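Presented below is the structure to which this report refers.
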Amino acid sequence: MSSRPQRIIDAHVHLWDPARTDWYPYLGGGVELELGDVTGMARRFDAATYRSESAGWNVVGLVNVAAATGAHSIDETLELDRVAEADGQPVAIVGGYVPSAGVAEIIDQIDAQLVASRFRGVRLMGRTDRPVPDRAVLEALRDRGLVLDLMAHSHQLVDAARGLASVDDLDVVVEHTGWPTSGSDDEFARWGDGLRALADVGDRVTCKLSGLAMPLGSMAPDVLAPWIEFAIGTFGPDRCMFASNFPVDGLHGSLEELFTSYATICRGLPTDDLDALFAGTAQRTYRC
């Protein structure tokens, strides 16, 4: 048994350039993200930067997740796919859709991204109280073999599970470990109920172990461990995938610190479980 993974597929990164103020206005203060001071993540973050900051860890693939605002996320998918032709990264792309658009328009937005060979699914890009899109959108994703990356906070998880249960055979990835909003005991209980509801939808729902530094304000193993251990216990290692959420979680530490915390929490797990958590589940889910 070893606590250090032999390979990593980072299932959630944002390769961006703040100079694209039309795509990423929040990196220049144009849009409030409710993350406090974001100057630490308002930097050019590309594959070369990632490689430099993850030196010493065998990161074999990056999954880029939409970060450009609104409909710009569609152009972002197409541009990153072009970049990957030369650079090799990202190996998979989660694009975006605009939740305020009508069903037909959302499906058109999805179809526009199908020309990108690394396009694997979508997440919503815009404010909404409905993290699960209409059934027709869910069916369109399923029929195209695409993944829904679920962006929902803890208080929305139970309702999201109900909405997702209505469409069979759609692969769903729960982003940011179910996105708790604080580290309180009450929040942990509510979050836990929601995570169990999503796990009960079936094996087609997986959990992305990412984004916890945002609400918890730390990458320390003892801070992250209760949440990560509960998620792994609820879904199982073959339905969980570690991800960095960089450079956003970089507001609270380095990639070295984050990967070290993940590895510390997983110390003693069998090699197969470790590989599933750090690479295998992401590889299967995002077909990379």
The alpha-carbon center of the range 35-91 and that of the range 252-288 are separated, in whole Å, by 19 Å
Any residue on another chain or 5+ positions along whose placed amide H is under 5 Å from the amide H of residue 174 is listed here as 150, 206, 207, 208
Amide H neighbours of residue 147 at under 5 Å, excluding residues fewer than 5 places away on the same chain, with H built from the backbone geometry, are 121, 122
GNM on the chain, Cα springs under 10 Å; top mean-square fluctuation among 101, 213, 199 goes to 101
Once Lys and Arg are counted +1 and Asp and Glu -1 for all other residues with Cβ under 13 Å from that of residue 111, the total becomes -2
1/(1 + (r/R0)^6) with r = Cβ-Cβ of residue 184 and residue 162, R0 = 22 Å, i.e. FRET efficiency to nearest 0.05, evaluates to 0.30
Here the relative contact order (percent) of the chain, from C-alpha pairs under 8 Å and at least 6 apart, is 21 percent
Zone reached by a paramagnetic label modelled 7 Å from residue 203 Cα along Cα→Cβ, restricted to the range 274-288 with backbone N below 15 Å, covers 281, 284-285
Per the helix-only model, the chain has a calculated mean residue ellipticity at 222 nm (DSSP H runs of ≥4, -39500 (n - 2.57) each, divided over all residues, rounded to the nearest 500) of -11000 deg cm²/dmol
Around residue 141 (Cβ within 13 Å, Cβ-to-Cβ, excluding residue 141; K/R +1, D/E -1) the net charge comes to -2
Most packed first (mean Cβ within 10 Å per residue), the peptides 167-174, 277-284 order as 277-284, 167-174
The set of residues whose placed amide H lies less than 5 Å from the amide H of residue 181, leaving out same-chain residues fewer than 5 positions away, is 154
Answer check: the chain, Cα atoms, Kirkwood Rh, Rg/Rh ratio of 0.93
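Read-outs throughout are calculated quantities, based only on the coordinates presented, and are distinct from any laboratory measurement. All figures in this text were calculated on a predicted structure; none of them were measured in a lab. So basically every Cβ, Gly included, is an ideal-geometry build from the backbone, and we count neighbours across all protein chains shown.
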